[in-house]
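The values are calculated or read from the model by the stated rules, or taken from the named source; none is laboratory data. Quick caveat: nothing in here was measured; it's all calculated off a predicted structure. Here the Cβ is made from the backbone with ideal geometry for all residues, glycine too, and neighbour counts use every protein chain on show.
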Amino acid sequence: MVDPQEMADVAWILAAMTVVLLMFPGLALFYGGMSGSKSVLNMFAMTLTTLGTVATIYVLFGHGMVLGESLGGIIGNPADYFGMVGHEESGVDGGFSETVDLAFYTLFACITVSIIASAALGRMKFSAWLVFSVVWATLVYFPLGHWVFGDGWMINTLNFHDYAGGTAVHMASGFGALALALVLGKRKDMDDRPHSMPLVLLGAGILWMGWFGFNGGTAGGANYLAQWTIMTTLFAGGTGMLGFMAYEKIRTGKATVLGMCSGIIAGLVAITPAADAVEPFGALALGFIAGAFVAWACTWKVKLGIDESLDAFAVHGVGGIVGALFVVFFGWATYTADEPIRGIIFGGEWSLLLGEIAAIGVTCIYAFGVTWIIAKVMDKTMGIRVTEDTEEDLDFTLHGQTAYDIK
């Protein structure tokens, strides 16, 4: 007979996966609203297609590369779990099964690659994006996933804390987006402004809901940890909005709705590595600090002339770093984290800071460097940028449709 608690755990994970899936249309709306009207459908397509491209390779060999038997701590065995052949019977009694892990971690891989679409706004060949998503997942996300979520060298060597993917998901996608944007170069029309703030707001709200499944589902069941992480996720998202608003108000005298939405996502990104290890006050403070730092990063990026207009680098890259460092100083949740964190200001050891910095450095350098190489090789071989004529009417040229048919 299956333990009722185990059945409850399965039910919660399945529910969490449902809301995590909603993050894909949520991200599409968030990015699409920030795009110009002539590239909305292209952005929708790039964010959604990872559910086909990345999911396919994750089922075939990605799950093994992430969670399979470690090969020297560098990568998991890709032959493990290949297509999940022979693992179907593991949950026939109604209890927890390997297939639940497969589906949940598939969504992690897919959404990580979708975030990078920010860098390709309005100027990347759709065929090149499809190839890039497969190659990037294989060479960047799967190894990092093994180092962080599996039995890889980083989790076994460095003394660092990452609850739900601040490194492998957010820093990797943020710095990957920066590298791709630099290789692609600037758009022809840099004045193409966000065309629909209602879409941005709706997308941010859906993403916030999806984050409850993302962080809450990482708890592994219907338990106290899931309750705690959903609570801290709620608080950090709200104060992330306030932090971004405060920076904007001081700098320009106005708090924009776009900034509010970006601040929400910044707070959610920052709480991801720390959701299990901070108290409610810590979550509030973390969100606010992250929102302010991300707002600063957005202005810094513009001054450098980097065309990464949907801000994956600032929000996910910088926001992820803030969250990972914050837990070192303010972590204080003794009943939830697998290894209770005592922040430095509460008398904790400084050694955790060194491990956290090392993990951040390795992740960011690896993600940026390998992404740069992938994009450069693809550009030299198949070409990754559309022509200027295609850029003028991207949606219709690449997809045969436009977002709005107004007569």
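Quick notes
- Here segment 292-307 is the region considered, the condition is being in contact with a Gly (Cβ under 7 Å, 6 or more places away or on another chain) and under 13 Å from Lys249 (Cα atoms), and the residue that is surrounded by the fewest Cβ atoms within 10 Å (Cβ to Cβ) is Ala292.
- Residue in segment 237-249 that is in contact (Cβ under 8 Å) with a residue 60 or more places away in the chain, acidic (Asp, Glu) and either crowded, with 21+ Cβ neighbours inside 10 Å or closer than 22 Å to Gly145 by Cα (or both) present: no
- Test: Ile345 is among the hydrophobic types (A, V, I, L, M, F, W, C), surrounded by 22 or more Cβ atoms within 10 Å (Cβ to Cβ), within 23 Å of Gly267 (Cα to Cα) and in contact with a helix residue (DSSP H, G or I) (Cβ under 7 Å, 6 or more places away or on another chain): no
- Which numbered condition Glu349 fails, given (1) assigned to a helix (DSSP H, G or I); (2) without any contact (Cβ under 8 Å) to a residue 40 or more places away in the chain: (1)
- Gly221 vs. criteria more than 15 Å from the chain's Cα centre (by Cα) and either modelled with pLDDT under 95 or of a type in the set (D, E, K, R) (or both): yes
- Verdict on Gly355 being part of a loop (DSSP other than H, G, I, E, B) and surrounded by fewer than 24 Cβ atoms within 10 Å (Cβ to Cβ): no
- Considering the conditions (1) touching a strand residue (DSSP E or B) at 6+ places or on another chain (Cβ under 8 Å); (2) closer than 28 Å to Val386 by Cα; (3) surrounded by fewer than 20 Cβ atoms within 10 Å (Cβ to Cβ), Met124 is excluded by exactly one of them, (3).
- Among (1) buried (at least 24 other Cβ atoms within 10 Å of the Cβ); (2) part of a helix (DSSP H, G or I), the one test that Ala277 misses: (2)
- Filtering Asp395, Asp389, Asp405 for residues that are outside any helix (DSSP H, G or I) and over 30 Å from Met245 (Cβ atoms) leaves a single hit, Asp405.
- Residues located in segment 107-121, provided they are within 22 Å of Phe214 (Cβ to Cβ) and surrounded by 23 or more Cβ atoms within 10 Å (Cβ to Cβ): Leu107, Ala109, Cys110, Ile111, Thr112, Val113, Ser114, Ile115, Ile116, Ala117, Ser118, Ala119
- The residues of segment 260-269 that are buried (at least 24 other Cβ atoms within 10 Å of the Cβ) and without any contact (Cβ under 8 Å) to a residue 60 or more places away in the chain, listed by number, are Ser262, Gly263, Ala266, Gly267.
- Test for Val322: is it assigned to a helix (DSSP H, G or I) and either in contact (Cβ under 8 Å) with a residue 60 or more places away in the chain or under 25 Å from Gly347 (Cα atoms) (or both): yes
- Hey, Gly220 of a type outside the set (Ser, Thr, Tyr) and part of a helix (DSSP H, G or I) or not: no
- Segment 359-395, subset among the charged types (D, E, K, R) and free of Cβ contacts under 8 Å to residues at least 60 places away in the same chain, residue nearest to Asn156 (Cα to Cα): Lys380
- Considering (1) closer than 22 Å to Leu201 by Cβ; (2) outside any helix (DSSP H, G or I), the lone condition that Ala236 does not fulfil carries the number (2).
- Of the helices (runs of 4 or more DSSP H) entirely within segment 138-199, those holding at least 3 residues that are buried (at least 18 other Cβ atoms within 10 Å of the Cβ) and in contact (Cβ under 8 Å) with a residue 12 or more places away in the chain occupy 142-149, 172-184.
- Filter result for the condition that a residue is of a type outside the set (S, T, N, Q), closer than 29 Å to Tyr105 by Cα and out of contact with any helix residue (DSSP H, G or I) (no Cβ under 6 Å at 6 or more places or on another chain), over Gly174, Gly165, Gly210: Gly165
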